Amino acid sequence: MARAKSASPSASTTKSAKPKATPKPKAAAKPRGKKAKVAAASVGLTAPECAAGEPPAAVAALGERVVAAGGVVLARYRDPLGGHWVVLASLPIDAVAPTPYQRELSKAHAERLATVIPKVGRFLDPVVAVADDGGGGFITPNGMHRLTAMRALGARAITALVLPEPEVAFRILALNTEKAHNLKDKALEVVRMARALVADPRAADRTEVDFALEFEQAGFLTIGLCYEQNGRFSGGAYMPVVSRCDELRDQPLRETLPEREAWAARLLELDGHVNEAVKRLKAAGFTTGYLKPLVVSRINPLRFVQAKPGQKAPRADLMKTLDRMIASAQSFDPGKVKAADVAAAAWMGGSED
């Protein structure tokens, strides 16, 4: 046994004498969610190129339309990023109207603008406009509040960046930062946009997926239809459920919109039953403003459906989910709700919207 023990260290020493393989350097981990950096000053046109070239026929025709509406073309140029032609024009203020498919006017925001603009003494933020196919004027998808403020100030004209492509009026809404959206504003804007597209023969056969940029997410369409029927609808309480079930579909808008109207009707029916459950909670002595989110959370069957690691939670059938929620709302028992449950709902930041 003694010899065996003395041989062991020798074997170990022999092994350690062998040169170790040089470890391969690990590849640098690519940061997730970050786009490749673009070299500075490497994209688009140079400053002189923005003014170079002969405008195409469509831009020349747009200039004639500006003049016919009583306006003046101030410049024609190509935008520095995409090289698309733009007409800078001064238009009679009565020749410009908001697009019919955007959010509701915020009177308070328009009044604030009407207060600030005179302090500067200049109108420095042109609206974007496209020709109105329904008349001889122009419509703006992103300048409703500035337009309203200028009218309140008695202005006779407004400066506009007039684009020859009418479809840009839909896309520009996705970039609209004139006034921050709330859920109601955004949902109504999206559903009005969808209705305008269905009414347009050039777009009625295009699918929801084709307008993913403009719609942003499918839930806005369904929730927007609810707001059309009930301006006091509590969209914020139901958006998490709808988002788990709804997705933009690769079918024509003229086919999907009627189906979404049926979903919206069922959702409004659910809201009625939830309101009754809230009344029962109030009768039991609960008075906080977070009762509706609490009820919706408790009757939501999707709260038990967890996504697998690295995967998204599976899409649920919206109508079946709403049917289950209606049944749960009808049988909702206030006696099973504790004060701590209501406090937790308030802590989570819910609201009755």
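A few points about this structure:
- Taking the listed residues P252, P293, the one that is in the same structural domain as I223 (by TED's automatic domain parsing) and within 18 Å of Q217 (Cα to Cα) is P252, with no other qualifying.
- Within the stretch 134-171, the set of residues being crowded, with 19+ Cβ neighbours inside 10 Å and at pLDDT below 85 comprises A169, F170.
- Note on the stretch 222-279: among residues that are of a type in the set (G, A, S) and not in a helix (DSSP H, G or I), the one that is surrounded by the most Cβ atoms within 10 Å (Cβ to Cβ) is S234.
- Residue, nearest to G236 (Cα to Cα), within the stretch 327-353, restricted to residues that are among the acidic types (D, E) and at pLDDT below 70: D353
- Among (1) crowded, with 21+ Cβ neighbours inside 10 Å; (2) within 25 Å of A129 (Cβ to Cβ) - the single one A204 does not satisfy: (1)
- Within the stretch 45-67, being in a helix (DSSP H, G or I), closer than 12 Å to W85 by Cα and in contact with a strand residue (DSSP E or B) (Cβ under 9 Å, 6 or more places away or on another chain) holds for E49, C50, A58, V59, A60, L62, G63.
- L91, sole failed condition from (1) in a strand (DSSP E or B); (2) modelled with pLDDT under 95: (2)
- Counting only residues that are under 27 Å from the mean Cα position of the chain (by Cα) and part of a helix (DSSP H, G or I), the stretch 305-335 holds 6 of them.
- Residue count for the stretch 131-153, restricted to those that are of a type in the set (D, E, K, R), in a helix (DSSP H, G or I) and within 25 Å of the chain's Cα centre (by Cα): 1
- When we screen S90, S42 for residues that are outside the structural domain of L147 (by TED's automatic domain parsing) and either surrounded by 13 or more Cβ atoms within 10 Å (Cβ to Cβ) or not acidic (D, E) (or both), the only hit is S42.
- Only one of S297, S234, S243 that is within 26 Å of S328 (Cβ to Cβ), touching a Ser or Thr at 6+ places or on another chain (Cβ under 9 Å) and among the polar types (S, T, N, Q): S234
- Pairs with Cβ under 6 Å, 6+ apart, first in the stretch 183-194 and assigned to a helix (DSSP H, G or I), second of a type in the set (S, T, Y) and at pLDDT 85 or above: K184/Y227; A187/Y227; L188/Y227
- Note on the stretch 260-271: among residues that are over 21 Å from the mean Cα position of the chain (by Cα) and of a type in the set (D, E, K, R), the one that is nearest to F215 (Cα to Cα) is R266.
The values are calculated or read from the model by the stated rules, or taken from the named source; none is laboratory data. This one's a predicted model, so the numbers in the text were calculated from it and none came from an experiment. As a convention, Cβ positions derive from the backbone with ideal geometry for all residues, glycine included, and neighbour counts pool all protein chains shown.
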